[in-house]
Amino acid sequence: MRDLFIIKAEPFEYFSEFEEFEEESSLEFTDQEIHSNLSRPVPKTIARHNTDLDAPYFGGNFNFLYNGGANEALITFNTYLSYRKNYSEAEKRNFINNLKRAADVWDAAAEVQVRDINGNYNDKIKLRFKLNIVRDSKNSNKKTDVHPTGSRSTWFIGKGRETVMRDLNAFIGSSRNVLVHELGHVWGLMDEYDARWIEKKLSLGHVGTSSPLVKDKKAIMNEGYADEIGNTGEFRGRYFKHFGRALLNSFWGLKNNVIPIKHNGKVVSRTVQGRIVLLKKDIAGSAPLTNDILPFNPRFTAIQVAKK
Ligand SMILES: [Zn+2]
């Protein structure tokens, strides 16, 4: 399935950060004008290796591929498993299985809907999350450092800090739901739990104790993932905003999507607007809610990119 997607997604087009900014700074209508027989122009392809897409947490790292015009985008975490001890084959199998199932929980949990100039949201791009275990650590976005269960103090405190940022640290016995939360960091998300959680003071990427998000207990990056029975830890639209903004950027230059912002009759900026819509409510994969649960869980999470 993954191979099929890759084939479909070719040819790759690589943009460096710099090139991408250049692309974004000007509107290009040429495609539409030259090929006037096209009913509508196609969004740009985005292919980024080792990116966090300007996520809230700088420790995120993954590959991002959007084949311009497709109805899904691919977020891949390539990881090399580094075992700190000689674990049994059964233990390793169990760990890999949990990590794969954790990625499956994220897969297709949300979609990005792009607004057109008439206010419709017909362009829907599903976010596909994939785990890919690589044999050569050079091909990994992050190494997954698999520690013996209960060995926290030996690596998590002290000089391990840098390691936490660079690697995904886990225990050989980490549950699927714990790994769902840890993958959230790989996608560039911050911890949201409050001060009574010991991990917080060791967390490099936390929303901060004054953030209202610490009250959103059910969320996956908060305490929600800890429910291993009902799997009630919930997704939030905010977790997908950076993916959404990246996708909105691929719609720059499309007359159907670029909205001029006017002030006193003059165009002062332009935006491409969209929204995140959850396709899964929670880790269990329950159907998404169809109403707002404010303030933390609106049905639609608005996103936009703007340029002068
Ligand atoms: Zn965390």
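Values for this structure:
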{"read-out": "Carbon/sulfur fraction of accessible area - segment 37-91, other protein chains in place, 1.4 Å, %", "value": "44"}
{"read-out": "Segment 68-82 - phi-based ³J(HN,Hα) in whole Hz, Karplus 6.51/-1.76/1.60, Gly and Pro as x", "value": "x, x, 6, 9, 8, 10, 10, 10, 10, 9, 8, 9, 9, 8, 10"}
{"read-out": "Length released on extending from GLN304 to LYS215, taking residue separation times 0.36 nm less the Cα-Cα span", "value": "29.5 nm"}
{"read-out": "Heavy-atom SASA rank of ARG128, ARG236 (probe 1.4 Å, accessible area, largest first)", "value": "ARG128, ARG236"}
{"read-out": "Efficiency of FRET from Cβ geometry, ALA284 and ILE117, R₀ 30 Å, rounded to 0.05", "value": "0.20"}
{"read-out": "Candidate residues THR76, THR209: accessible-area rank, largest first, probe 1.4 Å", "value": "THR209, THR76"}
{"read-out": "Cut-off under 5 Å, modelled amide H: who pairs with ASP282 long-range", "value": "PHE235"}
{"read-out": "For segment 201-308, size of Cβ-based charge dipole, Lys and Arg +1, Asp and Glu -1, in debye", "value": "840"}
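The values are calculated or read from the model by the stated rules, or taken from the named source; none is laboratory data. These numbers come from a predicted model, not from an experiment. No Cβ is skipped: glycine too gets one built from the backbone with ideal geometry, and neighbour counts run over all protein chains shown. We work out accessible area using only protein heavy atoms, side chains counted, and drop any ligands, DNA or RNA first. Shrake-Rupley method; radii C 1.70, N 1.55, O 1.52, S 1.80 Å.
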